[in-house]
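Taken together, the values in this text are just the output of simple stated rules run on the coordinates, not laboratory data. Nothing here was measured: the structure is a model prediction, and the numbers come from that model. Every residue, glycine as well, gets a Cβ built from its backbone with ideal geometry; the counts of neighbours run over all protein chains shown.
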Amino acid sequence: MRKPAATSLLVAAIALAATSLRDAPAAPIVVPPDPSTMDATALVSTACSKCHGPSGNGVSISPLFPTLAGQLSVYIETELKLFRQRGRSDPRARAFMWGIARGLSDQQIKGVALYFSQQPPVRGTPSSNPTLADKGKVLYENGAKERDIEACIVCHGANGEGVNTNPRVAGQHRDYFVREMVQFRSRLRENKVMQDVTQKLTDDEIAALDEYVSTK
Amino acid sequence: MTYATSGHATVNVVRLGALATFLLGGSALMLVSTPARAIPPFARQTGLACEACHTVPPELTPFGRRFKLNGYTLTTRSPLVSDTDDHKKNTVWLTDLPGIAVLAQIGYDHYDRAPPDSGQPYPAHAQSDTFQFADQFSLAYAGAISDHVGGWLQLTFNQEAGSVGIDNIDLRYTDHTFDNKWVWGLTANNYPTFQDVWNGFGSYTIPNFNTTTLWSSGVAGAALSGPIINALGPGNVAGLGAYVFYDDSLYFEFSEYHSAVAGTGTTPVVDSTNLSVNGGAVDRFAPYGRIAYERDWGYHSAEIGASAMYIYRIPSVGYISQQQKLAAAAAGETYTPAQTFYPGVSNRYTDLSVDWDYQYNGDHNIYGFLGHVTHERQQNNPQLVAATFTGASSPIYTNPTDTLTQFLATAEYFYDRHYGGLVSFTRTTGTSDPLAYGGNGSPANQYMVFELDYIPWMNFRFLLQYNAYQVVANNQNPFNLNHANFPNSPGFPNVKASDNNTWVLGLWMDF
């Protein structure tokens, strides 16, 4: 008699779980089996969200991965295409994005880029080191003409919101920001302009910029 | 001598059998199992490097845990063959690249003191050095099987067993809501805890290189004591479970296991004739429940969890098959009915665990603190307990109820996923049961593992390990057991726990 009772309990538990899932507020989707035919939201739910924010909001938890919420659509699109053609070879791009992007169509890339660009961006927080933030502000807004360093504001906007094809830097993880700057400087990450600019920046200046941008 | 006859010799046989069977955990059974690791099929399927899912294999990152909870189905490859019905549901889904992996473990052991010779009395001894080439060799299918179905199916050659057999199997059906608030799944597996995604307890406990010890190598014919949940690996049970992962943090699981004894000469029917396989069999049902809470922030991930398993288990001690009964009768020998075990003559185990898994997965630095405390309550079958025993021979337990507690804590550090190491401490204590454990009845043992790792590529791991034993109680010590095997020999002098200390040079690779 024990076996049927145990089986019934199990079936009941599964049925209960399934019922409560049906009542969950978020509508389940049928994920198409072929990743090349997934729409943007299915891709976000199935793949992107594992690193860039579990709920699909584009706000990543670990600084190993960038926050994408509010990022410029055109920038995400450009980077995804670079990943797909292996045109970006910094270590994280190789480890994660070469594979993820390898089968994406132009249409999927456009859709994912649009999705994340429409998510509410993360707001900055007041600096705990105003002196350092002020130093970063001067560098960000004015550059350093005597060393031929262009002001960041020209390409990334007054509030780090991004301009044209140049990415939003506000609301980004601080460690991520610093790591990318260092990787530009060491030419691990491709981008001629950023490689040239960062060659002239010291570690302290990168830290100052990070401190300032994090307030945006 | 696999069946009991009357007389003093019988007691020794039963007692040694009891040791071989009841001193579980860290046992040879565990070594049959090769845990799933960072394996190339997952990388080929997803296009992701190993570091996406692992800090250092087999330990999972938060991403790796979600990959597993989603049934290994994440793929960036289009299926070669697929078809859908009118409702856009798949009717067939076949990958273009079957997820085949080769896994190999090679180990070179050096025992600090040359172990006893199992066939000769002291001063004869075995070699101090052994080379397992390969200690384990597996073929596995791993990855997506359909859009919502994935699995891990493994076949392993084990040097100590000398045979190829079914190893870990985990088949899953999973789904999730768009926002991943709810991830849920069904798992059919043959190893309780194999389905778990944290590394503080269960089949993936760190440290995870399966060292060949004197116990597992069969020199002593016994094993270190430990909770029975550690010994229900492949070949003993199979079960079905359902789980829910809510809000990326809260995990609930309920699974139910039944006996699935597999091995040479077994039949689908589990009765007194095949209880000797794997040291016994689960009787009736064995429910397993699991709850865990994970919180991730920045580079940090912390988990605290608990599990419970309730097991009826028929021991194989004193087992007599029908054929042996007949043979004994034909030879005019007697046997003891009370020691012929069969379904119904089972002990009841309640294993309760608390586990933790903290992980810092930084850009260059990785470190973690993991472990568990498992408390086991073993209610022995009255037919086998001294106070209520009615058979013609000896009982095999002193107490109606025995308890056992195991504590394991590990600290690890890795730099750039190339260099690292760990220190692990395990201590097991329990009630004294002289009949079950021999000597003064203590099941206690305590040991530490020191490990240095070099990982040139993520799928190649070289390690140098030192296993240092501080406590090895009574007849668990192989050097004592050699004495027991040869009662007229002086035996090994000055037997200490540290006699068992072992150096291990190991290589793990998969491709």
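From least to most packed, judged by other beta carbons within 10 angstrom and beginning with the fewest, B:311, A:153 follow the order A:153, B:311. Summing Lys and Arg as +1 and Asp and Glu as -1 over all other residues whose Cβ lies under 13 Å from the Cβ of residue B:159 gives a net charge of -3. Per-residue 3J(HN,Hα) values for segment A:87-98, derived from phi via the Karplus relation 6.51 cos²θ - 1.76 cosθ + 1.60 with θ = phi - 60°, read x, 10, 10, 5, x, 5, 4, 4, 5, 10, 7, 4 Hz in sequence order (x marks Gly and Pro).
Dividing the Cα radius of gyration of segment A:130-213 by 2.2 N^0.38 Å, with N the residue count, gives 0.98.
A dipole drawn for segment B:99-225 from +1 and -1 charges on Cβ atoms has a positive end, and of B:178, B:132, B:205 the residue lying farthest that way is B:178.
Projecting the Cα atoms of B:409, B:383, B:425 onto the charge dipole of segment B:363-441 (Cβ charges, centred on the Cα centre) puts B:383 farthest toward the positive pole. By the count of neighbouring beta-carbon atoms within 10 Å, fewest first, B:304, A:100 end up ordered B:304, A:100.
Most exposed first by the Cβ proxy, i.e. fewest other Cβ within 10 Å, how do B:118, B:301 rank? Write out the running numbers ahead of the final one.
Values: B:118 16, B:301 24.
Going from sparsest to densest Cβ surroundings: B:118, B:301.
Can you tally the net charge around residue B:241? Count Lys and Arg as +1, Asp and Glu as -1, for every other residue whose Cβ sits under 11 Å from the Cβ of residue B:241.
Working: positive: B:172, B:290; negative: B:170, B:196, B:253, B:256.
After counting each charged neighbour, the total is -2.
Coupling constants for segment B:83-89 follow from the phi torsions by the Karplus curve (6.51 cos²θ - 1.76 cosθ + 1.60, θ = phi - 60°), and in residue order they are 8, 10, 8, 5, 9, 6, 8 Hz; glycine and proline get x.
Under the simplified labelling scheme, the residue B:78-residue B:297 pair shows an inter-label distance of 4.5 nm, with each label point 7 Å from Cα along Cα→Cβ. Over 18 Å apart at the Cα level, from the set A:145/A:200; A:137/A:216; A:50/B:68; A:50/B:181; A:192/A:216, are A:192/A:216.
With the charge dipole of segment A:27-117 set up from +1 on Lys and Arg Cβ and -1 on Asp and Glu Cβ about the Cα centre, the Cα lying farthest toward the positive end among the listed residues A:57, A:71, A:93 is that of A:93.
Phi angles across segment B:200-208 convert, under the Karplus curve 6.51 cos²θ - 1.76 cosθ + 1.60 with θ = phi - 60°, into 3J(HN,Hα) values of x, 8, x, 5, 9, 3, 8, x, 10 Hz, Gly and Pro given as x. Taking amide H as placed 1.01 Å from N in the peptide plane, residue B:270 has no amide H partner under 5 Å among residues 5 or more places away or on another chain. Electrostatic tally near residue B:215: other residues with Cβ closer than 14 Å to its Cβ, Lys and Arg +1, Asp and Glu -1, net -3.
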